[in-house]
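Note sheet for the following structure.
The values are calculated or read from the model by the stated rules, or taken from the named source; none is laboratory data. Since this is a predicted model, take the numbers as computed values, not measurements. Using ideal geometry, Cβ is built from the backbone for each residue, glycine included, and neighbour counts are taken over all protein chains shown. When the accessible area is computed, the model is the full protein with side chains, heavy atoms only, and any ligands, DNA or RNA have been set aside. Shrake-Rupley method; radii C 1.70, N 1.55, O 1.52, S 1.80 Å.
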Amino acid sequence: MEIAIAWLPRLLTAAVLTIALSAVVFTLSAVFGLLLSLVHYGREKSLLRRGIEAFSAFFRSVPELVVLFLFFFGGPQIGVDFGPVGSTIIAFALVGIAFDYQVFKGALKAIPFGQYEAGLALGLPKSVVFLRVLVPQILPLARKGWITYAIGTVKRMSIASAVSVSEILYVTKQGIAATNAPFTFLTLAVGLYILIVTPLLVFNERKPRQAVAR
């Protein structure tokens, strides 16, 4: 117990960093994944569409650790040092965008294309049609896959310990090495991960208000 109390402040600091990094990656992945799903809407066979699909396929195929090492170790080789945190954000955001793009693209396909055409026929700018007609329908349809990947992002953040980012797993390994009390630190780490992802799990399992009203 004394060991746990002594290391708890460091673990809580690591948990805050884990949450912060996950939030940044989650936001970037969602925003750019959504934008990529909309950018070629109505132009299914365009060159841009093929480029986006190639980008998505590449980053969905390569392990996150390899992408992380690519930026962390490869950056300095070309004169750009992203650092541990910068490399983590860039690598995980790119992978997240690739996955979220597929999630939002699937949700977009469930919306009749006639709604988009009707909006343009009324003289509405494309941006207005996207923001006021399509996006409010995409988000509820994509919520399950979108939030599920966000939960995975929190857990995958442990990979960043490989480049010395002081997230939960990194501090846990330090504690185990310093005290030889693996059960204590792993239990604390599990508890912290559960506390972090539980709100997302609860939110993901909530039924839409319309469904509840029925």
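Rounded to the nearest 10 Å², what accessible area does Val39 have for a 1.4 Å probe in the complete protein model?
60
Could you work out how far helix 168-179 tilts from the main Cα principal axis of the chain, as a 0 to 90 degree angle to the nearest 10?
So the inclination is approximately 10 degrees.
Tell me the angle of helix 64-77 to the major Cα principal axis of the chain, expressed in degrees between 0 and 90 and rounded to the nearest ten.
80
If the only charges are +1 at each Lys and Arg Cβ and -1 at each Asp and Glu Cβ, what is the size of the charge dipole of the range 65-177 around the Cα centre, to the nearest 20 debye?
Using only the charged Cβ atoms, the result is roughly 340 debye.
Per q in 0.11, 0.13 Å⁻¹, report the Debye log10 I(q)/I(0) for the chain, using one uniform scatterer on each alpha carbon and no solvent.
Reported log10 I(q)/I(0), two decimals: -0.65, -0.84.
Whenever you get a sec, compute what percent of the accessible area on the range 27-112 sits on carbon and sulfur atoms (1.4 Å probe).
72
Around Gln137, what is the net charge, scoring Lys/Arg as +1 and Asp/Glu as -1 over all other residues with Cβ under 13 Å from its Cβ?
Net charge in that neighbourhood comes out at +3.
At 1.4 Å probe radius, can you tell me the per residue accessible area of the chain in Å²?
Averaged over the residues of the chain, the accessible area is 55 Å².
Sorted by accessible area with a 1.4 angstrom probe, largest first, how do Asp81, Asp100 fall?
Details: Asp81 120, Asp100 5 Å².
Final ranking, largest accessible area leading: Asp81, Asp100.
Would you work out which of Gly83, Leu70, Ala57 lies farthest towards the positive end of the dipole of the range 21-101, given +1 charges on the beta-carbon of Lys and Arg and -1 on that of Asp and Glu, about the Cα centre?
Projecting each Cα onto the dipole axis, the largest value belongs to Ala57.
Provide, in order from the shortest bin, the percent of all Cα-Cα pairs of the range 49-142 in each 10 Å bin, continuing until the bin that contains the maximum pair distance.
15, 31, 27, 18, 9, 0
Mind putting a number on the dipole of the range 45-115 about its Cα centre? Charges go on the C-beta only, +1 for Lys and Arg and -1 for Asp and Glu, and I need it in Debye to the nearest 20.
460
Please identify, among Ala23, Ala178, Ala14, the residue showing maximal mean-square fluctuation in a Gaussian network model of the chain using a 10 angstrom Cα cutoff.
Sorting by GNM fluctuation, first place goes to Ala178.
Measure of size requested: the Rg and Dmax of the range 45-100, with Cα atoms as the atom set and Å as the unit; please supply both.
12.5, 39
Between Asn204 and Leu131, what is the label-point separation in nm under the 7 Å Cα-to-beta-carbon projection?
About 3.0 nm, to one decimal.
Can you pull the accessible area of Val80 for me, 1.4 Å probe, Å² to the nearest 10?
60
Quick one: net charge of Ala189's neighbours, Cβ under 14 Å, K/R +1, D/E -1?
+2
Compute the helix-to-body angle for 135-156: its Cα long axis versus the longest principal axis of the chain, expressed 0 to 90° and rounded to tens.
Tilt of helix 135-156: around 20 degrees.
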